[in-house]
Amino acid sequence: MAVEKSPENVATGAALRRLARAYPKARYLHVTRHPVTTQVSMVEHRRRTVPSYPLDGQPMAGIAAWLEVHQRIARFLERMPPERALCIRSEDVLDDPEPQLAAVARWLGLRADDDAITAMLHPETSPFARPGLAGSGVTGGHDPGFLCDPIPRAVELPRTVEQPSGWRAEASLWQRTVRLALRFGYGQEELRIDLLRRRDLDQAERGSFAGTPEHKARIIAMDDANTLWLRTLINRVGWPGRTLVGVDGAHAAWLIAQHADRHPAFQRRCLKLLAHSVESGEASAADLAHLTDRVLLARGEPQLYGTQLVARAEGFVAARLQDPESVDARRAAMGLVPLADQLEHARERFGTPPPARVACPSCGEEIEMWLPEPGGSTRVSCPACGLIGTMRTRLRTVTSAQR
């Protein structure tokens with residue numbers, strides 16, 4: 001078995017293609033490192049080795065190099081059969097070397113017993129452990145300190161992918177870096193945990209809703225905060241799909257968008273992003289159906305799938321619906337149960353819905369009424385003073401100037 005790891009092999013796409021032609025049965029081990037620690041390491045190395053290296057002129061060169069090289073490798077490996085490519089994080093190897101090295105050995109069809117792993121952990125004992133030829137033209141490397149002290153040591157892996165202090169490069173460079181870093185698993189679990197935490201708080205607040213103005217204000221504030229957080233996340237990495245945050249994390253992202261009713265423009269943007277994610281298998285079609293209906297009703301249009309229910313004297317019913325006769329066919333295409341089953345589930349879960357009670361604007365007496373559908377209206381009359389009026393559901397929206 002031969003191992004080729006010259007940095008020049010990943011310098012260009014042409015070099016990688018030459019490598020594939022020269023070794024048609026080769027396997028490719030893609031080793032990554034967190035982009036921010038890569039940046040720090042490159043700056044420190046260049047300051048030590050390049051006297052004229054600018055301290056302020058190129059502060060993000062390491063980030064740009066990390067993105068360029070790893071994007072090139074990732075695109076190259078996408079064309080390879082899955083069994084011929086393996087991606088590992090260097091931090092995982094350093095923090096837990098034995099199982100990581102064993103996994104690589106098994107993937108290569110090599111010994112993975114304790115003696116073999118021990119030998120891997122002591123490269124200084126290898127007959128090949130010596131400096132390369134002088135004048136080889138290879139830049140970098142040639143660190144004699146490694147042969148004297150090569151023992152892997154645990155490293156502190158940043159929990160998130162945060163923009164380095166003093167960032168002065170283009171915003172798009174950082175956005176693309178974050179997307180790729182998350183794809184490699186950097187900051188991914190932290191992001192998923194944050195999504196699930198927000199989902200759980202959302203469901204807890206709504207599940208315990210007491211109907212008081214204070215509780216309503218608390219839910220509105222929570223929805224606004226979640227919307228702002230999701231907006232920032234999307235600007236950084238795009239829609240958080242299943243590959244990035246798992247099935248439950250992607251569902252939690254949809255829930256935040258579903259409750260972003262005070263931000264209709266952003267909600268419509270989420271709908272487009274979610275539709276693209278469903279097409280690529282990164283999100284749930286059922287979630288897309290729910291958000292589609294939400295956006296349509298907010299516009300005053302009938303919903304397609306009947307996911308949005310309203311309370312009436314006869315129980316829960318679907319809000320105004322386009323072509324009710326064919327709704328179950330549309331629902332089936334999105335992975336939803338028949339509408340009758342959804343209505344029965346709502347009845348079993350919530351029981352018989354009570355009418356709402358609102359104060360008459362004329363005399364202050366309570367009026368029992370069934371609230372209008374989202375984007376709709378209903379006629380009301382006060383039995384105490386005889387006032388007749390129209391009630392509309394109109395949630396106060398937030399403009400960009402108010403954010």
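Read the figures in this text as sums done on the coordinates, not as results from a lab. Being a predicted model, the structure only gives us computed values, none of them experimental. Positions of Cβ are backbone-derived with ideal geometry, glycine not excepted, and every protein chain shown enters the neighbour counts.
General observations
- For the stretch 217-224, 3J(HN,Hα) computed residue by residue from phi via the Karplus equation (6.51, -1.76, 1.60; θ = phi - 60°) reads 5, 5, 5, 4, 5, 5, 4, 5 Hz, glycine and proline entered as x.
- Cβ crowding within 10 Å averaged over residues, with 94-102, 232-240 ranked highest first: 232-240, 94-102
- In units of the compact-protein estimate 2.2 N^0.38 Å, the stretch 1-96 shows a Cα radius of gyration of 1.24.
- Using alpha-carbon coordinates, inclination of helix 13-22 to the longest axis of the chain, degrees: 60 degrees
- As a proxy for reagent exposure, ranking V358, V327 by other Cβ atoms within 10 Å from fewest up yields V358, V327.
- Here the chain carries DSSP beta bridges of which approximately 70% are antiparallel, counting only pairs with both residues inside.
- Among A181, A105, A384, the largest mean-square fluctuation in a Gaussian network model of the chain (Cα springs under 10 Å) belongs to A384.
- With distances taken between every two different alpha-carbon atoms, the stretch 189-350 has a Kirkwood hydrodynamic radius of 16.6 Å.
- Span per principal axis, largest first, for the Cα atoms of the chain (Å): 99, 46, 38
- Of every Cα-Cα pair in the stretch 266-403, the percent that sits beyond 20 Å: 58 percent
- Residues I63, I367 in ascending order of nearby Cβ atoms (within 10 Å, fewest first): I367, I63.
- Net +/- balance of residues flanking N235 in space, Cβ distance below 12 Å, scoring K and R +1, D and E -1: +4
- Computed from Cα atoms, the angle from the helix 171-183 axis to the main principal axis of the chain rounds to 80 degrees.
- Once the Cα atoms are used to define both axes, helix 264-279 deviates from the longest principal axis of the chain by about 60 degrees.
- Fluctuation leader among C270, C385, C360 - the chain, Gaussian network, Cα springs under 10 angstrom: C385
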